[in-house]
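The values are calculated or read from the model by the stated rules, or taken from the named source; none is laboratory data. Please read all numbers here as calculations on a predicted model, not as lab measurements. Positions of Cβ are generated from backbone atoms using ideal geometry, with glycine treated the same way; all protein chains shown enter the neighbour counts.
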Amino acid sequence: NQHLVQIIAVSLNPVDYKPAEIPVAGRFIVGKLATPCNDIAGRIVTPASGSPFKPGDLVSGISGTSYVAGGGLTEYTLCEKNNVIAIPEGVDPIDAASVPVAGITAYQTIVLHMKKGDKLFLNGGSGGTGIFGIQIGKAIGCHVTTSCSTANVEFCKSLGADVVVDYKKGSVAEQLKASGVQFDHVIDNVGGDNLELYWKSHDYMKPDAKYIMVGGTMSLGHALERVKVKLLPGFLGGGKRKFEGFLATAKPEDLTQIAAWMKEGKVKAVIDSTFSFEEAPKAFDRLKTGRARGKIVVNVSA
């Protein structure tokens, strides 16, 4: 039930390194021989039994059996039969490699919860998931507001964002409250040790809206905030809107829809930087800066 795939390129996600850096527990979570990078694009070498793919077909998808093992930062890897799709004609494998985890996360947090005309707020619009989120939100007809730094305001607008909140100009929560908009759905791609954005969500979210946390750190501060969210009732100072942590599930039909939008020009990949296989450590250094605008790609083989 697995394809043998020759890797062309992989893209990086925070989950590719954060679990490994958890003190003490990291070595047990990841294991000594783990290979990072689930986002892959490559060529089928040996297709899985009963698969329509044939040797040489270009595919993209998710490698490995979990987010911390069996990744694609290697010359060849095994992919589950239903975890890859054909790369559409005209889509560059480098671009295709940038989609899976961030694209599926954006898709599943938006498309499964929203409809045309709904108002969406994305906290963090210039990172990997935010970039796909803006475009997917617009593809299904939502009004999209996002946040970013001053330097990325025009960039987020170029992706289709209707309104951009500059976090350099003050509290995002206060700016949203001042706007008077009541959002149908909020996706937080940033998180952090202080979940002020959630604690004040009743000021800018509809009563039945849901706050979905995608981002976050492995810090003790963030963990304590998440515990507080779960245990502290609203009338004692806790959150007053529905809160949900999120981890994407690999679904080929979701990737197929994103690929179709890419072919139609409704969704595009944004590549921050590309590194050679030998430069992979530098690629992770770039990811850890938190300043990447778009996806970081390692070109494993031309």
What's the total number of residues in the range 145-182 that are touching a Phe, Trp or Tyr at 6+ places or on another chain (Cβ under 8 Å) and part of a strand (DSSP E or B)? 4
Matching residues in the range 76-89 - criterion: being touching a helix residue (DSSP H, G or I) at 6+ places or on another chain (Cβ under 6 Å) and part of a loop (DSSP other than H, G, I, E, B): Asn82, Ile87, Pro88
Would you check which residues across the range 183-212 are within 25 Å of Asn13 (Cα to Cα), at pLDDT 90 or above and not in a loop (DSSP other than H, G, I, E, B) and list them? His185, Val186, Ile187, Asp188, Leu197, Tyr198, Lys210, Tyr211, Ile212
Any idea which residue in the range 152-189 is nearest to Gly294 (Cα to Cα), counting only those that are in contact with a strand residue (DSSP E or B) (Cβ under 7 Å, 6 or more places away or on another chain) and without any contact (Cβ under 8 Å) to a residue 12 or more places away in the chain? Lys157
How many residues are in a helix (DSSP H, G or I), over 24 Å from Ala86 (Cα atoms) and of a type outside the set (Lys, Arg) if we restrict to the range 246-302? 9
Residue by residue through the range 111-163, note down the ones that are under 21 Å from Lys206 (Cβ atoms), in contact with a Leu (Cβ under 7 Å, 6 or more places away or on another chain) and of a type in the set (A, V, I, L, M). Met114, Ile134, Val144
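Criterion first (buried (at least 20 other Cβ atoms within 10 Å of the Cβ), in the same structural domain as Tyr198 (by TED's automatic domain parsing) and in contact with a Ser or Thr (Cβ under 8 Å, 6 or more places away or on another chain)) does Val181 satisfy it?
no
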Of the residues that make up the range 108-123, is at least one assigned to a helix (DSSP H, G or I), assigned by TED's automatic domain parsing to the domain that holds Val186, surrounded by fewer than 21 Cβ atoms within 10 Å (Cβ to Cβ) and not aromatic (Phe, Trp, Tyr)? yes
Is it true that Leu112 is modelled with pLDDT under 95 and either under 21 Å from Pro281 (Cα atoms) or among the β-branched types (Val, Ile, Thr) (or both)? no
Among residues belonging to the range 59-90 that are of a type in the set (Val, Ile, Thr) and either at pLDDT below 95 or closer than 13 Å to Ile7 by Cα (or both), point out the one that is surrounded by the most Cβ atoms within 10 Å (Cβ to Cβ). Val84
Do we have any residue at all in the range 41-58 that's among the β-branched types (Val, Ile, Thr), at pLDDT 95 or above, surrounded by fewer than 24 Cβ atoms within 10 Å (Cβ to Cβ) and within 22 Å of Glu279 (Cα to Cα)? no
